[in-house]
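Report on one structure; see the data block that follows.
Bear in mind these aren't lab numbers, they're just calculated from the coordinates by the rules spelled out. Only a predicted model underlies this, so the values are computations on that prediction, with no experimental measurement involved. All Cβ positions, glycine included, derive from the backbone under ideal geometry; neighbour counts span all protein chains shown.
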Amino acid sequence: MEKEKKIRVLFVCLGNICRSPLAEAVFRQLVKERGLEAYIEVDSAGTGAWHVGEPPDRRMRVTAERHGVSMEGMVARQISPSDLETADYILVMDKDNLHDVLYHDREGKWGYKVRLFREFDPHPGSYQVPDPYYGGPEGFEEVYRIVRRTAEAFLEHLIEKHQLPARVKS
């Protein structure tokens, strides 16, 4: 694979303060641990604008930090039609997000890029990452476990599909 053309991965949830920023942070850490930053670019967005400019939810930041994942400096943003064009993979957290993202694809040109994130989960359950926003700490832990194993599986998928090195030595 050409190093110049990075694979662009965009994670999407409703407000970009819980699930998708966690997926971005976890996936970015996995990419960095494997030395694949020159090959893969990671971002996240929300389908709604309620939290634009805000940091991730404090409960999600605490959960991430407990697992050694930094969400420092992240701020919520809303998905834009240009994201559909520039991203190679748009991984949504649930079926509502899927519908909302596809709504932006008015000409039907980019839908092939949009997939449920848990399609890559070895234990996909309902194929949806539950929204922990209105629940307690156990919901945030459950989302972390889902995101972690799915991100690991997705990275393996990218390595195989795009013939990336399994690990780049620094």
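Amide H to amide H, with H built 1.01 Å from N, Glu54 comes under 5 Å of Ala76, counting only residues 5 or more places away or on other chains.
Just in the range 3-79: which GluC sites (Glu not before Pro) are loop by DSSP and have at most 12 other Cβ atoms within 10 Å? Numbers along the way, then the final one.
Values: sites: Glu4, Glu24, Glu33, Glu37, Glu41, Glu65, Glu72; in loops: Glu4, Glu37, Glu72.
Loop-located and lightly packed - Glu4, Glu72.
For every other residue with a beta carbon closer than 14 angstrom to the beta carbon of Val143, add +1 if it is Lys or Arg and -1 if Asp or Glu, then tell me the sum.
Details: positive: Arg19, Arg59, Arg61, Arg66, Arg118, Arg145, Arg148, Arg149; negative: Glu24, Asp57, Asp94, Asp121, Asp131, Glu138, Glu141, Glu142.
Surrounding charge for Val143 is 0.
Packing, taken as the mean count of other beta carbons within 10 Å per residue, orders the peptides 158-167, 125-134, 87-96, 111-120 from highest to lowest as 87-96, 111-120, 125-134, 158-167. Averaging the sequence gap over all C-alpha pairs within less than 8 Å and six or more residues apart, then dividing by the number of residues, gives the range 14-161 a relative contact order of 26 percent.
What per residue convex hull volume, in Å³, comes out for the range 14-161 when only alpha-carbon positions are used?
Details: hull volume 16.4 nm³, N = 148.
Taking the convex hull of the Cα positions in the range 14-161, it is 111 Å³ per residue.
Helices in the chain that qualify as membrane-span-like (whole DSSP H runs, Cα extent of at least 30 Å along the helix axis, mean Kyte-Doolittle hydropathy of -1.0 or higher) are 137-161. Considering only Ala25, Ala38, Ala64, the mean-square fluctuation computed in a Gaussian network model of the chain, springs between alpha carbons under 10 angstrom, is largest for Ala38.
How big is Rg to Rh over the range 85-170, alpha-carbon atoms, Rh as the Kirkwood inverse-mean-distance radius?
On the way: Rg = 14.9 Å, Rh = 14.5 Å.
That ratio equals 1.03.
Of all lysines in the structure, those lying under 16 Å Cα to Cα from Lys113, and not within fewer than 8 positions of it along the same chain, are Lys6, Lys95, Lys161.
Sparse packing (at most 13 other Cβ atoms within 10 Å of the Cβ) combined with a DSSP loop state is found for the following chymotrypsin sites (Phe, Trp or Tyr not before Pro) in the range 10-56: Trp50.
With only alpha-carbon atoms in the gyration tensor, what are the semi-axes of the equivalent ellipsoid for the range 1-87, in Å, largest first?
On the way: eigenvalues 94, 67, 11 Å².
Square roots of five times the eigenvalues give 22, 18, 7 Å.
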